[in-house]
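Engineer: Take this structure, written in structure tokens, and hold onto it; I'll ask about it next.
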Amino acid sequence: MILRIPTCLLLAALATSHPVQGAQSGSGGKTTPPAGGRAAAPAAKSSTGTPVTPADMTAMLGAWTIPLETPNGRLVATLVFRNEAGKVVAGISAPQLPEQKITDITKNGQVLTLKASMDYQGPLTAYSGPVAMVLTLRPKGPDMAAWFEFNNGGYQIGGTAKKKA
């Protein structure tokens, strides 16, 4: 059975780092290109990434905005990288959603991969159950091509992350 999971719900469900087994599929809509451009390349299926260090992430620290054109309208997510006690962590949020912490951050060359999962039960939708997210960031000039994949490819969406001044 395929369930429609709004993108804002999926962004809200970006917490914890426990693995999700047997996740439900998303909306069935596979890609939504960002406004004015092509979708970012899908996330690589390789697990050859290595954990990032604060030294790796010096240029990435701070806040990034990621405008996303979703089937439910425009959503602007904020992604923040910071150093907490010598470890790089990220937080993702949107105006209507509180920040969710991401601690599984790896790199493969210049490509960053952020992973998070949780069991969702909340007010945004009747859906409750596992939600897994993989966010892949690839250099795109001064910006980053951002590719979100939810529930093992059940829903995918891309945009361009721009660093806030």
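The values are calculated or read from the model by the stated rules, or taken from the named source; none is laboratory data. From a predicted model like this one, the values you see are computed outputs, not experimental measurements. Virtual Cβ from ideal backbone geometry, glycine too; neighbours counted across all protein chains shown.
Engineer: Among the listed residues GLY153, GLY73, GLY122, which satisfies the condition of being of a type outside the set (Lys, Arg), at pLDDT below 95 and under 14 Å from the mean Cα position of the chain (by Cα)?
Structural biologist: When all the criteria are applied, what remains is GLY153.
Engineer: So, one more: Among the residues of region 57-78, which ones are farther than 16 Å from LYS163 by Cβ and assigned to a strand (DSSP E or B)?
Structural biologist: Residues satisfying the conditions are LEU68, GLU69, THR70, GLY73, ARG74, LEU75.
Engineer: Let me ask something additional. Looking only at region 79-111, count every residue that is of a type outside the set (Val, Ile, Thr), within 15 Å of ARG138 (Cβ to Cβ) and in a strand (DSSP E or B) and tell me the total. Show your work before the answer.
Structural biologist: First pass over region 79-111, keeping only residues of a type outside the set (Val, Ile, Thr): 79, 81-87, 90-91, 93-101, 104, 107-110.
From what is left, the residues that are within 15 Å of ARG138 (Cβ to Cβ) are 79, 107-110.
So of that shortlist, the ones also in a strand (DSSP E or B) come out as 79, 107-108.
The total comes to 3.
Engineer: Can you confirm whether region 132-147 contains a residue that is modelled with pLDDT under 95 and in contact with a helix residue (DSSP H, G or I) (Cβ under 9 Å, 6 or more places away or on another chain)?
Structural biologist: yes
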